[in-house]
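Below is one structure, written out as C-alpha coordinates; the observations come after it.
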Amino acid sequence: MDATTIVERLRQRFPAGVVSAAADTADATVVVDRSALVEIATFLRDTAELDFDFLESIAGVDLGEKLLCVYHLLSYQHRHALVLKVELLPDDLAIPSLAAVWPAANWHEREQYDLFGFAFTGHPDLRRIMLPEDWVGHPLRKSYRDPEEYHGIRHDRPSVLAQLQARDARDFPRTPPPAATTPATPTES
Amino acid sequence: MDTSTQRAERDDGRMLLNMGPQHPSTHGVINLLVDTDGEVITRAIPEIGYLHRGIEKIGEKIPYGGFMPYTDRVDYTAAMFANEVYARAVELLLGLEVPRRALYLRIISGELVRIASHFLGTGCMPMDLGAFTPFTHWIREREYINDLTEELCGARLTYNYARIGGVSHDLPAGFDRKVLGFLDHLEPIVDEFDRLITGNEIFIRRLANIVPISAKEAVAYGLVGPNLRASGVDWDLRRDLPYSAYPELSFEVPVGKGVRGTVGDCYDRFVVRIEEIRQSIKIIRQAIAGLPEGEVLAKVPKKIKPPAGKEAFARVESARGEMGCYIYSDGTDKPGRLKFRTGSFSAMCIIEDKSPGLMVADLVALFASLDVVAPEVDR
(Lines give C-alpha, C1' and ligand atoms only; values in the text may rest on other atoms or scores of the structure.)
Protein backbone atom coordinates (compact mmCIF):
# COMPACT_ATOMS: atom_id res chain seq x y z
CA MET A 1 0.00 0.00 0.00
CA ASP A 2 1.45 3.38 -0.85
CA ALA A 3 1.96 6.20 1.60
CA THR A 4 -1.14 8.18 0.56
CA THR A 5 -3.47 5.22 1.02
CA ILE A 6 -2.04 4.38 4.45
CA VAL A 7 -2.52 7.98 5.56
CA GLU A 8 -6.08 8.04 4.18
CA ARG A 9 -6.99 4.81 5.98
CA LEU A 10 -5.76 6.21 9.27
CA ARG A 11 -7.52 9.55 8.80
CA GLN A 12 -10.81 7.83 8.03
CA ARG A 13 -10.62 5.42 10.93
CA PHE A 14 -9.30 7.87 13.53
CA PRO A 15 -10.49 11.39 12.59
CA ALA A 16 -9.73 12.67 16.09
CA GLY A 17 -6.59 10.61 16.79
CA VAL A 18 -4.59 11.76 13.75
CA VAL A 19 -3.20 15.24 14.40
CA SER A 20 -1.43 15.67 11.07
CA ALA A 21 -0.01 13.49 8.35
CA ALA A 22 2.36 13.70 5.43
CA ALA A 23 2.54 11.26 2.54
CA ASP A 24 5.17 13.10 0.50
CA THR A 25 8.07 11.97 2.71
CA ALA A 26 10.08 8.81 2.02
CA ASP A 27 7.82 6.86 4.37
CA ALA A 28 4.32 8.00 5.33
CA THR A 29 4.54 10.10 8.49
CA VAL A 30 1.60 10.42 10.85
CA VAL A 31 1.45 12.51 14.01
CA VAL A 32 -1.08 11.03 16.42
CA ASP A 33 -2.54 12.05 19.71
CA ARG A 34 -1.18 10.03 22.61
CA SER A 35 -4.68 9.19 23.87
CA ALA A 36 -5.32 7.24 20.66
CA LEU A 37 -1.84 5.73 20.36
CA VAL A 38 -2.56 2.21 21.62
CA GLU A 39 -5.74 2.00 19.58
CA ILE A 40 -3.99 3.15 16.42
CA ALA A 41 -1.04 0.83 17.00
CA THR A 42 -3.34 -2.16 17.47
CA PHE A 43 -5.24 -1.17 14.33
CA LEU A 44 -1.99 -0.91 12.35
CA ARG A 45 -0.87 -4.31 13.54
CA ASP A 46 -4.15 -6.19 13.12
CA THR A 47 -5.56 -4.79 9.87
CA ALA A 48 -4.71 -7.28 7.14
CA GLU A 49 -3.95 -4.67 4.45
CA LEU A 50 -1.64 -2.73 6.76
CA ASP A 51 -0.10 -5.55 8.81
CA PHE A 52 2.62 -3.56 10.53
CA ASP A 53 4.15 -6.49 12.40
CA PHE A 54 7.65 -5.13 12.95
CA LEU A 55 8.38 -2.26 15.33
CA GLU A 56 11.82 -1.24 14.15
CA SER A 57 12.75 1.47 16.55
CA ILE A 58 11.54 4.06 19.01
CA ALA A 59 13.44 7.31 19.10
CA GLY A 60 12.87 10.41 21.16
CA VAL A 61 13.67 13.81 19.68
CA ASP A 62 14.05 16.93 21.82
CA LEU A 63 12.98 20.09 20.00
CA GLY A 64 13.13 22.39 22.99
CA GLU A 65 9.54 23.59 23.30
CA LYS A 66 8.23 20.09 22.58
CA LEU A 67 9.47 16.51 22.37
CA LEU A 68 8.74 13.87 19.77
CA CYS A 69 8.45 10.16 20.30
CA VAL A 70 9.06 8.59 16.88
CA TYR A 71 8.04 5.00 16.08
CA HIS A 72 9.32 3.32 12.91
CA LEU A 73 7.08 0.53 11.70
CA LEU A 74 7.53 -1.94 8.88
CA SER A 75 5.33 -4.58 7.34
CA TYR A 76 7.19 -7.70 6.25
CA GLN A 77 4.35 -8.89 4.08
CA HIS A 78 3.52 -5.65 2.27
CA ARG A 79 7.01 -4.14 2.40
CA HIS A 80 5.73 -0.73 3.39
CA ALA A 81 6.89 1.47 6.23
CA LEU A 82 5.28 4.06 8.46
CA VAL A 83 6.61 6.68 10.82
CA LEU A 84 4.34 7.32 13.78
CA LYS A 85 4.96 10.38 15.91
CA VAL A 86 3.60 11.59 19.20
CA GLU A 87 4.19 15.17 20.32
CA LEU A 88 4.72 15.80 24.01
CA LEU A 89 5.32 18.86 26.14
CA PRO A 90 8.46 18.86 28.30
CA ASP A 91 6.50 19.09 31.54
CA ASP A 92 4.16 16.20 30.70
CA LEU A 93 5.96 13.22 29.24
CA ALA A 94 3.37 10.54 29.99
CA ILE A 95 2.76 8.34 26.97
CA PRO A 96 1.01 4.97 26.80
CA SER A 97 3.27 1.94 26.46
CA LEU A 98 3.05 -0.24 23.36
CA ALA A 99 4.74 -3.24 25.00
CA ALA A 100 1.44 -5.12 24.87
CA VAL A 101 1.10 -4.49 21.13
CA TRP A 102 4.67 -5.27 20.09
CA PRO A 103 6.83 -7.04 22.70
CA ALA A 104 9.84 -5.41 21.02
CA ALA A 105 8.65 -2.10 22.45
CA ASN A 106 9.59 -3.24 25.95
CA TRP A 107 13.30 -2.50 25.67
CA HIS A 108 12.98 0.33 23.16
CA GLU A 109 10.72 2.14 25.61
CA ARG A 110 13.05 1.49 28.51
CA GLU A 111 15.86 3.02 26.47
CA GLN A 112 13.89 6.14 25.60
CA TYR A 113 12.73 6.46 29.20
CA ASP A 114 16.33 6.27 30.30
CA LEU A 115 17.68 8.78 27.79
CA PHE A 116 14.71 11.16 27.46
CA GLY A 117 12.54 10.62 30.51
CA PHE A 118 9.38 9.59 28.68
CA ALA A 119 7.04 8.03 31.24
CA PHE A 120 5.54 5.05 29.41
CA THR A 121 2.36 4.29 31.32
CA GLY A 122 1.46 0.63 31.55
CA HIS A 123 5.01 -0.53 30.83
CA PRO A 124 5.70 -3.84 32.66
CA ASP A 125 9.22 -2.98 33.82
CA LEU A 126 10.10 0.68 33.35
CA ARG A 127 13.67 0.89 34.64
CA ARG A 128 16.80 2.53 33.34
CA ILE A 129 18.58 0.30 30.86
CA MET A 130 21.72 2.03 29.63
CA LEU A 131 22.60 4.03 32.73
CA PRO A 132 22.82 2.98 36.38
CA GLU A 133 19.62 3.15 38.45
CA ASP A 134 20.90 6.11 40.50
CA TRP A 135 21.85 8.29 37.55
CA VAL A 136 20.39 11.78 37.67
CA GLY A 137 18.74 13.25 34.60
CA HIS A 138 18.15 12.06 31.06
CA PRO A 139 21.24 12.67 28.91
CA LEU A 140 19.69 13.12 25.46
CA ARG A 141 17.48 15.99 26.62
CA LYS A 142 18.82 19.29 25.33
CA SER A 143 18.50 20.77 28.82
CA TYR A 144 20.76 18.08 30.30
CA ARG A 145 23.98 19.26 31.90
CA ASP A 146 26.87 16.85 32.34
CA PRO A 147 27.34 15.99 36.01
CA GLU A 148 30.57 16.95 37.73
CA GLU A 149 31.11 13.53 39.21
CA TYR A 150 29.54 10.13 39.79
CA HIS A 151 30.03 8.57 43.24
CA GLY A 152 33.07 10.74 43.86
CA ILE A 153 34.66 9.91 40.51
CA ARG A 154 35.24 13.12 38.66
CA HIS A 155 34.51 13.28 34.96
CA ASP A 156 37.44 15.52 34.22
CA ARG A 157 41.06 15.35 35.28
CA PRO A 158 43.93 17.77 35.12
CA SER A 159 45.85 17.59 31.89
CA VAL A 160 49.01 15.50 32.26
CA LEU A 161 50.78 17.68 29.72
CA ALA A 162 49.95 20.87 31.64
CA GLN A 163 51.34 19.29 34.82
CA LEU A 164 54.59 18.34 33.11
CA GLN A 165 54.96 21.78 31.62
CA ALA A 166 54.41 23.38 35.03
CA ARG A 167 57.06 21.12 36.54
CA ASP A 168 59.51 21.94 33.79
CA ALA A 169 58.93 25.65 34.24
CA ARG A 170 59.65 25.28 37.95
CA ASP A 171 62.73 23.03 37.71
CA PHE A 172 64.28 24.50 34.60
CA PRO A 173 63.39 28.15 34.58
CA ARG A 174 64.11 29.48 31.18
CA THR A 175 66.57 32.31 31.25
CA PRO A 176 65.83 35.00 28.76
CA PRO A 177 68.34 35.00 25.90
CA PRO A 178 71.14 37.54 26.38
CA ALA A 179 70.41 40.87 24.87
CA ALA A 180 71.81 41.11 21.41
CA THR A 181 74.94 43.14 21.25
CA THR A 182 76.26 44.67 18.14
CA PRO A 183 78.70 42.16 16.76
CA ALA A 184 82.22 43.33 16.57
CA THR A 185 83.34 43.99 13.09
CA PRO A 186 85.37 41.00 12.09
CA THR A 187 88.89 41.96 11.69
CA GLU A 188 90.76 40.42 8.94
CA SER A 189 93.71 38.45 10.01
CA MET B 1 13.59 -7.88 41.05
CA ASP B 2 14.24 -9.48 44.44
CA THR B 3 17.59 -8.76 45.96
CA SER B 4 19.69 -11.67 47.09
CA THR B 5 19.00 -10.94 50.76
CA GLN B 6 15.27 -11.24 50.22
CA ARG B 7 15.91 -14.46 48.39
CA ALA B 8 17.98 -15.84 51.27
CA GLU B 9 15.21 -15.01 53.72
CA ARG B 10 12.70 -16.84 51.60
CA ASP B 11 14.96 -19.90 51.66
CA ASP B 12 13.26 -21.82 48.90
CA GLY B 13 16.45 -23.42 47.66
CA ARG B 14 16.69 -21.17 44.66
CA MET B 15 19.79 -19.22 43.81
CA LEU B 16 20.29 -15.86 42.21
CA LEU B 17 23.52 -15.96 40.26
CA ASN B 18 25.42 -13.42 38.24
CA MET B 19 26.52 -14.67 34.85
CA GLY B 20 28.95 -12.00 33.83
CA PRO B 21 29.64 -9.08 33.46
CA GLN B 22 32.89 -10.77 32.45
CA HIS B 23 31.72 -14.30 31.74
CA PRO B 24 33.50 -15.78 28.69
CA SER B 25 30.27 -16.79 26.99
CA THR B 26 28.67 -13.37 27.23
CA HIS B 27 30.66 -11.98 24.28
CA GLY B 28 31.47 -8.69 25.89
CA VAL B 29 30.52 -7.04 29.12
CA ILE B 30 26.96 -8.18 29.73
CA ASN B 31 25.42 -9.38 32.96
CA LEU B 32 22.74 -12.04 33.07
CA LEU B 33 21.02 -12.27 36.44
CA VAL B 34 20.07 -15.90 36.56
CA ASP B 35 17.47 -17.13 39.02
CA THR B 36 17.94 -20.88 39.21
CA ASP B 37 16.50 -23.87 40.89
CA GLY B 38 19.43 -26.24 40.61
CA GLU B 39 20.21 -26.53 36.91
CA VAL B 40 16.85 -25.18 35.82
CA ILE B 41 16.47 -21.48 35.21
CA THR B 42 13.38 -19.78 36.57
CA ARG B 43 14.24 -16.48 34.97
CA ALA B 44 17.28 -14.87 33.38
CA ILE B 45 17.35 -11.10 33.32
CA PRO B 46 19.85 -9.37 31.04
CA GLU B 47 21.42 -6.27 32.57
CA ILE B 48 23.11 -4.20 29.91
CA GLY B 49 24.72 -0.79 29.65
CA TYR B 50 28.27 -1.62 30.72
CA LEU B 51 29.52 -0.52 27.31
CA HIS B 52 27.23 2.46 26.91
CA ARG B 53 29.44 5.15 25.42
CA GLY B 54 26.71 7.57 24.51
CA ILE B 55 27.46 7.35 20.80
CA GLU B 56 24.12 9.00 20.02
CA LYS B 57 24.96 11.89 22.37
CA ILE B 58 28.41 12.28 20.82
CA GLY B 59 26.73 12.40 17.42
CA GLU B 60 24.86 15.54 18.42
CA LYS B 61 28.13 17.33 19.17
CA ILE B 62 30.11 16.48 16.05
CA PRO B 63 29.57 17.78 12.51
CA TYR B 64 28.16 15.28 10.04
CA GLY B 65 31.43 14.65 8.25
CA GLY B 66 33.46 14.00 11.37
CA PHE B 67 31.23 11.42 12.97
CA MET B 68 32.19 8.47 10.76
CA PRO B 69 34.98 7.05 13.00
CA TYR B 70 32.53 6.85 15.91
CA THR B 71 30.21 4.62 13.91
CA ASP B 72 33.00 2.02 13.82
CA ARG B 73 32.44 1.56 17.54
CA VAL B 74 28.77 0.67 17.24
CA ASP B 75 29.60 -2.88 16.22
CA TYR B 76 33.31 -3.46 16.13
CA THR B 77 33.03 -6.98 14.72
CA ALA B 78 31.28 -5.65 11.60
CA ALA B 79 32.03 -1.95 11.54
CA MET B 80 31.54 -1.60 7.80
CA PHE B 81 27.76 -1.73 8.17
CA ALA B 82 27.52 1.02 10.75
CA ASN B 83 29.71 3.14 8.47
CA GLU B 84 27.41 2.42 5.58
CA VAL B 85 24.14 2.99 7.39
CA TYR B 86 25.28 6.35 8.75
CA ALA B 87 26.54 7.43 5.33
CA ARG B 88 23.26 6.33 3.78
CA ALA B 89 21.21 8.24 6.34
CA VAL B 90 23.06 11.48 5.59
CA GLU B 91 22.87 10.78 1.86
CA LEU B 92 19.10 10.40 2.20
CA LEU B 93 18.96 13.70 4.08
CA LEU B 94 20.91 15.48 1.37
CA GLY B 95 19.43 13.57 -1.57
CA LEU B 96 22.95 12.62 -2.67
CA GLU B 97 23.56 10.29 -5.56
CA VAL B 98 26.42 7.89 -4.76
CA PRO B 99 28.67 6.79 -7.66
CA ARG B 100 28.02 3.20 -8.68
CA ARG B 101 31.61 2.19 -8.21
CA ALA B 102 31.41 3.34 -4.59
CA LEU B 103 28.25 1.27 -4.07
CA TYR B 104 30.06 -1.79 -5.40
CA LEU B 105 33.05 -1.13 -3.16
CA ARG B 106 30.70 -0.88 -0.19
CA ILE B 107 29.20 -4.22 -1.17
CA ILE B 108 32.57 -5.94 -1.62
CA SER B 109 33.93 -4.61 1.68
CA GLY B 110 30.62 -5.17 3.47
CA GLU B 111 30.30 -8.79 2.39
CA LEU B 112 33.91 -9.48 3.35
CA VAL B 113 33.16 -8.11 6.78
CA ARG B 114 29.92 -10.08 6.97
CA ILE B 115 31.98 -13.24 6.39
CA ALA B 116 34.44 -12.17 9.09
CA SER B 117 31.61 -11.45 11.50
CA HIS B 118 29.94 -14.81 10.82
CA PHE B 119 33.32 -16.44 11.43
CA LEU B 120 33.18 -15.00 14.94
CA GLY B 121 29.52 -15.88 15.39
CA THR B 122 29.77 -19.48 14.23
CA GLY B 123 33.20 -19.89 15.79
CA CYS B 124 32.09 -18.70 19.22
CA MET B 125 29.03 -20.93 19.19
CA PRO B 126 30.95 -24.21 19.47
CA MET B 127 33.45 -22.53 21.79
CA ASP B 128 30.71 -21.56 24.22
CA LEU B 129 29.52 -25.16 24.13
CA GLY B 130 32.98 -26.45 24.96
CA ALA B 131 34.63 -27.06 21.58
CA PHE B 132 37.55 -24.70 21.21
CA THR B 133 39.09 -25.89 17.93
CA PRO B 134 36.48 -24.55 15.43
CA PHE B 135 37.08 -21.06 16.74
CA THR B 136 40.76 -21.25 15.88
CA HIS B 137 39.87 -22.44 12.37
CA TRP B 138 37.71 -19.39 11.73
CA ILE B 139 40.03 -16.94 13.43
CA ARG B 140 42.82 -18.08 11.12
CA GLU B 141 40.65 -17.30 8.09
CA ARG B 142 39.44 -14.07 9.61
CA GLU B 143 43.03 -12.83 9.71
CA TYR B 144 43.11 -12.93 5.90
CA ILE B 145 40.07 -10.68 5.79
CA ASN B 146 41.66 -8.33 8.31
CA ASP B 147 44.73 -8.18 6.08
CA LEU B 148 42.54 -7.38 3.09
CA THR B 149 40.65 -4.59 4.85
CA GLU B 150 43.94 -3.23 6.15
CA GLU B 151 45.15 -2.98 2.58
CA LEU B 152 41.85 -1.46 1.50
CA CYS B 153 41.40 1.25 4.11
CA GLY B 154 44.27 1.00 6.56
CA ALA B 155 42.37 -0.56 9.42
CA ARG B 156 41.79 -4.13 10.46
CA LEU B 157 38.66 -3.60 12.57
CA THR B 158 37.60 0.03 12.80
CA TYR B 159 37.46 0.65 9.09
CA ASN B 160 36.09 4.18 8.76
CA TYR B 161 35.79 3.27 5.09
CA ALA B 162 32.46 4.66 3.95
CA ARG B 163 32.17 8.39 3.39
CA ILE B 164 29.11 10.53 2.97
CA GLY B 165 28.70 10.22 -0.78
CA GLY B 166 30.97 7.24 -1.36
CA VAL B 167 34.00 5.55 0.14
CA SER B 168 37.38 6.83 1.26
CA HIS B 169 39.70 4.89 -1.05
CA ASP B 170 39.50 3.16 -4.37
CA LEU B 171 40.73 -0.43 -4.55
CA PRO B 172 44.50 -0.76 -4.21
CA ALA B 173 46.28 -2.31 -7.21
CA GLY B 174 45.75 -6.05 -7.43
CA PHE B 175 43.18 -6.08 -4.64
CA ASP B 176 40.47 -7.81 -6.68
CA ARG B 177 42.90 -10.61 -7.54
CA LYS B 178 43.78 -11.04 -3.88
CA VAL B 179 40.13 -11.18 -2.84
CA LEU B 180 39.33 -13.76 -5.51
CA GLY B 181 42.36 -15.79 -4.41
CA PHE B 182 41.14 -15.67 -0.84
CA LEU B 183 37.64 -16.79 -1.85
CA ASP B 184 39.09 -19.72 -3.82
CA HIS B 185 41.00 -20.66 -0.71
CA LEU B 186 38.01 -20.15 1.58
CA GLU B 187 35.36 -22.19 -0.20
CA PRO B 188 36.87 -25.62 0.50
CA ILE B 189 37.47 -24.54 4.08
CA VAL B 190 33.78 -23.75 4.56
CA ASP B 191 33.05 -27.28 3.34
CA GLU B 192 35.68 -28.63 5.70
CA PHE B 193 34.10 -26.70 8.57
CA ASP B 194 30.79 -28.26 7.59
CA ARG B 195 32.28 -31.75 7.81
CA LEU B 196 34.02 -30.99 11.08
CA ILE B 197 31.35 -29.07 12.98
CA THR B 198 28.01 -28.64 11.26
CA GLY B 199 27.45 -32.39 10.99
CA ASN B 200 29.04 -33.20 14.34
CA GLU B 201 26.62 -35.30 16.36
CA ILE B 202 27.56 -33.88 19.77
CA PHE B 203 27.28 -30.35 18.45
CA ILE B 204 23.89 -31.05 16.88
CA ARG B 205 22.57 -32.55 20.09
CA ARG B 206 23.59 -29.47 22.02
CA LEU B 207 21.71 -27.18 19.64
CA ALA B 208 18.88 -28.98 17.88
CA ASN B 209 15.45 -28.43 19.40
CA ILE B 210 16.96 -26.02 21.93
CA VAL B 211 14.95 -22.83 22.44
CA PRO B 212 13.04 -22.73 19.17
CA ILE B 213 11.77 -19.24 18.40
CA SER B 214 8.66 -19.26 16.24
CA ALA B 215 8.34 -16.95 13.27
CA LYS B 216 5.60 -15.04 15.04
CA GLU B 217 7.70 -14.50 18.16
CA ALA B 218 10.74 -13.53 16.14
CA VAL B 219 8.77 -10.82 14.33
CA ALA B 220 6.99 -9.58 17.44
CA TYR B 221 10.24 -9.24 19.39
CA GLY B 222 11.90 -7.49 16.49
CA LEU B 223 14.56 -10.10 15.82
CA VAL B 224 16.37 -9.32 12.59
CA GLY B 225 18.86 -10.82 10.20
CA PRO B 226 20.05 -14.41 10.62
CA ASN B 227 18.06 -14.79 13.85
CA LEU B 228 14.85 -13.85 12.04
CA ARG B 229 15.59 -15.97 9.00
CA ALA B 230 16.44 -18.98 11.16
CA SER B 231 12.87 -18.77 12.49
CA GLY B 232 11.60 -19.30 8.97
CA VAL B 233 10.86 -15.70 7.99
CA ASP B 234 12.06 -15.26 4.44
CA TRP B 235 13.24 -11.67 4.66
CA ASP B 236 16.46 -9.98 3.72
CA LEU B 237 16.72 -6.23 3.29
CA ARG B 238 19.23 -6.69 0.50
CA ARG B 239 16.59 -8.47 -1.53
CA ASP B 240 13.25 -7.25 -0.15
CA LEU B 241 13.82 -3.53 0.39
CA PRO B 242 16.74 -3.27 -1.98
CA TYR B 243 19.31 -0.57 -1.44
CA SER B 244 22.75 0.17 -2.85
CA ALA B 245 23.53 -2.00 -5.89
CA TYR B 246 22.17 -5.24 -4.47
CA PRO B 247 19.35 -5.53 -7.05
CA GLU B 248 22.04 -6.03 -9.69
CA LEU B 249 23.45 -9.08 -7.90
CA SER B 250 21.84 -12.46 -7.53
CA PHE B 251 22.02 -14.47 -4.34
CA GLU B 252 19.82 -16.69 -2.25
CA VAL B 253 18.47 -15.97 1.19
CA PRO B 254 19.00 -18.96 3.48
CA VAL B 255 16.04 -19.65 5.76
CA GLY B 256 15.80 -21.95 8.77
CA LYS B 257 14.13 -25.22 7.89
CA GLY B 258 14.57 -27.18 11.08
CA VAL B 259 17.04 -29.52 9.40
CA ARG B 260 17.83 -31.41 12.60
CA GLY B 261 15.01 -30.37 14.88
CA THR B 262 12.49 -27.55 15.05
CA VAL B 263 12.41 -24.48 12.85
CA GLY B 264 14.04 -21.61 14.68
CA ASP B 265 16.08 -23.66 17.13
CA CYS B 266 19.68 -22.83 17.98
CA TYR B 267 20.97 -25.20 15.31
CA ASP B 268 19.04 -23.37 12.60
CA ARG B 269 20.57 -20.10 13.71
CA PHE B 270 23.98 -21.70 13.26
CA VAL B 271 23.25 -23.26 9.86
CA VAL B 272 21.77 -20.05 8.45
CA ARG B 273 24.99 -18.18 9.22
CA ILE B 274 27.15 -20.85 7.57
CA GLU B 275 24.96 -20.62 4.47
CA GLU B 276 25.22 -16.84 4.52
CA ILE B 277 28.99 -17.13 4.34
CA ARG B 278 28.56 -19.07 1.08
CA GLN B 279 26.11 -16.49 -0.29
CA SER B 280 28.45 -13.63 0.59
CA ILE B 281 31.23 -15.37 -1.34
CA LYS B 282 28.89 -15.52 -4.31
CA ILE B 283 28.01 -11.82 -3.98
CA ILE B 284 31.65 -10.73 -3.79
CA ARG B 285 32.54 -12.71 -6.91
CA GLN B 286 29.72 -11.04 -8.86
CA ALA B 287 30.52 -7.59 -7.51
CA ILE B 288 34.16 -7.89 -8.52
CA ALA B 289 33.24 -9.21 -11.95
CA GLY B 290 30.78 -6.38 -12.53
CA LEU B 291 32.74 -3.59 -10.85
CA PRO B 292 31.97 -0.39 -12.78
CA GLU B 293 34.59 2.23 -13.52
CA GLY B 294 34.35 5.78 -12.26
CA GLU B 295 34.59 7.98 -9.23
CA VAL B 296 34.34 6.60 -5.69
CA LEU B 297 33.17 9.80 -4.02
CA ALA B 298 30.34 12.10 -5.03
CA LYS B 299 30.61 15.88 -4.92
CA VAL B 300 29.59 16.66 -1.35
CA PRO B 301 29.05 20.19 -0.01
CA LYS B 302 31.84 21.24 2.34
CA LYS B 303 29.44 22.25 5.07
CA ILE B 304 26.65 19.73 5.40
CA LYS B 305 23.54 21.49 6.66
CA PRO B 306 20.30 19.62 5.90
CA PRO B 307 17.16 21.77 6.24
CA ALA B 308 15.70 21.96 9.75
CA GLY B 309 13.02 19.38 10.52
CA LYS B 310 14.14 17.04 7.76
CA GLU B 311 14.62 13.45 8.85
CA ALA B 312 15.82 10.19 7.40
CA PHE B 313 15.79 6.56 8.46
CA ALA B 314 18.29 4.40 6.62
CA ARG B 315 18.41 0.63 6.83
CA VAL B 316 21.10 -1.82 5.85
CA GLU B 317 21.35 -5.57 6.31
CA SER B 318 24.24 -5.86 8.72
CA ALA B 319 25.81 -9.14 9.84
CA ARG B 320 23.43 -9.00 12.79
CA GLY B 321 20.42 -8.08 10.73
CA GLU B 322 18.70 -4.83 10.09
CA MET B 323 20.71 -1.88 11.26
CA GLY B 324 18.91 1.44 11.15
CA CYS B 325 20.14 4.98 11.49
CA TYR B 326 17.65 7.73 12.20
CA ILE B 327 18.71 11.35 11.85
CA TYR B 328 16.59 14.36 12.66
CA SER B 329 18.12 17.55 11.35
CA ASP B 330 17.84 20.78 13.30
CA GLY B 331 19.27 22.86 10.46
CA THR B 332 22.79 23.13 11.88
CA ASP B 333 25.92 21.27 10.76
CA LYS B 334 25.35 18.68 13.50
CA PRO B 335 22.48 16.21 13.76
CA GLY B 336 19.67 17.30 16.07
CA ARG B 337 19.17 13.66 16.94
CA LEU B 338 20.98 10.58 15.82
CA LYS B 339 19.83 7.08 16.66
CA PHE B 340 21.14 3.65 15.80
CA ARG B 341 18.75 0.74 15.72
CA THR B 342 20.76 -2.44 16.11
CA GLY B 343 20.05 -6.14 15.83
CA SER B 344 21.76 -7.19 19.05
CA PHE B 345 19.59 -4.89 21.17
CA SER B 346 16.35 -6.54 20.09
CA ALA B 347 17.95 -10.00 20.28
CA MET B 348 18.81 -9.41 23.94
CA CYS B 349 15.23 -8.43 24.63
CA ILE B 350 13.90 -11.92 23.90
CA ILE B 351 16.21 -13.73 26.34
CA GLU B 352 14.24 -12.91 29.47
CA ASP B 353 10.96 -14.21 28.06
CA LYS B 354 12.50 -17.36 26.58
CA SER B 355 14.55 -18.26 29.66
CA PRO B 356 12.04 -19.81 32.12
CA GLY B 357 12.51 -23.58 32.25
CA LEU B 358 15.84 -23.64 30.41
CA MET B 359 18.86 -25.52 31.68
CA VAL B 360 21.85 -23.29 32.44
CA ALA B 361 23.83 -24.90 29.60
CA ASP B 362 20.99 -24.19 27.17
CA LEU B 363 20.97 -20.52 28.14
CA VAL B 364 24.60 -20.42 27.01
CA ALA B 365 23.56 -22.07 23.73
CA LEU B 366 20.73 -19.58 23.23
CA PHE B 367 22.95 -16.64 23.97
CA ALA B 368 25.67 -17.89 21.63
CA SER B 369 23.20 -18.64 18.85
CA LEU B 370 21.78 -15.09 18.91
CA ASP B 371 25.28 -13.80 18.11
CA VAL B 372 24.93 -10.77 20.36
CA VAL B 373 27.76 -8.26 20.40
CA ALA B 374 27.84 -6.13 23.53
CA PRO B 375 28.86 -2.73 22.11
CA GLU B 376 26.03 -2.96 19.62
CA VAL B 377 23.57 -3.55 22.44
CA ASP B 378 24.79 -0.65 24.54
CA ARG B 379 26.09 1.82 21.96
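The values are calculated or read from the model by the stated rules, or taken from the named source; none is laboratory data. Predicted model only: the values in this text are computed from it and were never measured. Ideal geometry is used to build each Cβ from the backbone, glycine not excepted, and the neighbour counts take in all protein chains shown.
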Restricting the stretch B:329-341 to residues that are within 11 Å of chain A (Cβ to nearest Cβ), of a type outside the set (Lys, Arg) and more than 22 Å from the chain's Cα centre (by Cα), the one surrounded by the fewest Cβ atoms within 10 Å (Cβ to Cβ) turns out to be B:ASP330
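Which residue, of A:ALA21, A:ALA59, A:ALA26, is at pLDDT below 90 and within 14 Å of chain B (Cβ to nearest Cβ)?
Details: A:ALA21 fails: within 14 Å of chain B (Cβ to nearest Cβ); A:ALA59 fails: at pLDDT below 90.
Answer to the selection: A:ALA26.
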Considering the stretch A:154-165, residues that are in a loop (DSSP other than H, G, I, E, B) and more than 25 Å from A:TYR113 (Cα to Cα), and then whichever is farthest from the other protein chains (Cβ to nearest Cβ), we arrive at A:PRO158
(1) within 19 Å of the chain's Cα centre (by Cα); (2) within 14 Å of chain A (Cβ to nearest Cβ); (3) surrounded by fewer than 22 Cβ atoms within 10 Å (Cβ to Cβ) all hold for B:TYR326 apart from (3)
Scanning the stretch B:54-79 for residues that are among the hydroxyl-bearing types (Ser, Thr, Tyr) and within 18 Å of the chain's Cα centre (by Cα), the one surrounded by the fewest Cβ atoms within 10 Å (Cβ to Cβ) turns out to be B:TYR76
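Residues are listed down the side, and each one gets a yes or a no for (1) within 12 Å of chain A (Cβ to nearest Cβ); (2) touching a residue at least 24 places away in the same chain (Cβ under 8 Å); (3) touching a helix residue (DSSP H, G or I) at 6+ places or on another chain (Cβ under 9 Å):
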site	(1), (2), (3)
B:ALA44	no, yes, yes
B:ILE48	yes, yes, yes
B:LYS57	yes, no, yes
B:ARG73	no, yes, yes
B:THR77	no, yes, yes
Mind checking whether some residue in the stretch A:110-128 is exposed (fewer than 13 other Cβ atoms within 10 Å of the Cβ) and among the charged types (D, E, K, R)?
yes
If you go through the stretch B:220-240 one residue at a time, do you hit one that is in a helix (DSSP H, G or I), within 12 Å of chain A (Cβ to nearest Cβ) and within 20 Å of A:TRP107 (Cβ to Cβ)? yes
Picked from the stretch B:342-379 (must be polar (S, T, N, Q) and under 13 Å from the mean Cα position of the chain (by Cα)), the residue nearest to B:GLU217 (Cα to Cα) is B:SER346
When B:SER214 is run through (1) more than 19 Å from B:GLU275 (Cα to Cα); (2) free of Cβ contacts under 8 Å to residues at least 40 places away in the same chain, the failure sits at (2)
